[in-house]
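Comments concern the structure below.
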Amino acid sequence: MFIRIYRNLFHSHLKEIPFIIFLSFFLTFVIARSYIYITNRDILEFFPFIDYINIRGIHVHHLSWGIIILAVTGFLALSETKPFQHRRVAIFYGIGLGLTFDEFAIWLRLQDDYYARLSYDAVIFISLLFLNIIYFPGFWSRTGKKLYKLATRKIH
């Protein structure tokens with residue numbers, strides 16, 4: 001049943017990879033946001049390992065891990081990656097995007113504000129962008145060609 005649903009949603013490899021990126025991006029955002037909520041509210045204080053990562057007194061934001069993951073997956077995507085590895089690279093790319101854009105407001109404003117609306121707006125924008133890439137590629141291709149023709153048409 002799941003295989004049939006999967007095949008119906010992604011009848012081509014071109015839709016599969018963006019969906020994998022989107023899904024891992026969105027799940028990572030939800031997990032990271034939940035982690036921040038749990039640690040800031042001391043909900044699970046009986047779990048001492050659930051806390052911020054500090055190295056020599058410096059709070060390492062998960063944005064940093066996201067950038068490292070994006071750098072590695074970018075390198076892997078540009079190097080000679082075998083087709084069967086594309087799904088794994090897509091998963092890690094989505095995780096890197098999720099960790100990075102969960103703290104979008106922090107790296108844009110350089111202020112330690114986890115709950116700024118700017119981060120949520122960025123995640124919504126990226127989600128909508130991926131959903132358009134996945135489900136409406138023909139529409140955007142046709143629209144882009146029409147806009148290009150309008151923009152390059154000579155005025156007589």
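The values are calculated or read from the model by the stated rules, or taken from the named source; none is laboratory data. Note that the structure is a prediction, hence the values are computed from the model and not measured. Note that each Cβ is placed from the backbone with ideal geometry, even for glycine, and that neighbours are counted across all protein chains shown.
Points to keep in mind about this one:
- Flag for F130 being among the aromatic types (F, W, Y) and touching a Phe, Trp or Tyr at 6+ places or on another chain (Cβ under 8 Å): yes
- Test for A71: is it surrounded by 17 or more Cβ atoms within 10 Å (Cβ to Cβ) and without any contact (Cβ under 8 Å) to a residue 40 or more places away in the chain: no
- Just one of the listed residues (F101, F125) is outside any loop (DSSP other than H, G, I, E, B) and in contact with a Gly (Cβ under 9 Å, 6 or more places away or on another chain), namely F101.
A quick yes/no check of all residues on (1) of a type outside the set (A, V, I, L, M, F, W, C); (2) within 17 Å of the chain's Cα centre (by Cα); (3) surrounded by 13 or more Cβ atoms within 10 Å (Cβ to Cβ):
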{"site": "F19", "(1), (2), (3)": "no, yes, yes"}
{"site": "T28", "(1), (2), (3)": "yes, yes, yes"}
{"site": "R41", "(1), (2), (3)": "yes, no, no"}
{"site": "N54", "(1), (2), (3)": "yes, no, no"}
{"site": "G66", "(1), (2), (3)": "yes, yes, yes"}
{"site": "S79", "(1), (2), (3)": "yes, no, no"}
{"site": "F101", "(1), (2), (3)": "no, yes, yes"}
{"site": "Y115", "(1), (2), (3)": "yes, no, no"}
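- Any hit, the range 105-120, residues being within 21 Å of F19 (Cα to Cα), assigned to a helix (DSSP H, G or I) and hydrophobic (A, V, I, L, M, F, W, C): no
- Selection count, the range 128-156, where residues are outside any helix (DSSP H, G or I) and either among the hydroxyl-bearing types (S, T, Y) or at pLDDT below 80 (or both): 4
- For the range 1-52, the set of residues classified as aliphatic (A, V, I, L, M), within 22 Å of G66 (Cα to Cα) and either at pLDDT 70 or above or assigned to a helix (DSSP H, G or I) (or both) consists of I17, I20, I21, L23, L27, V30, I31, A32, I36, I38, listed by residue number.
- Residues of the range 122-156 classified as surrounded by 13 or more Cβ atoms within 10 Å (Cβ to Cβ) and of a type outside the set (G, A, S), total: 9
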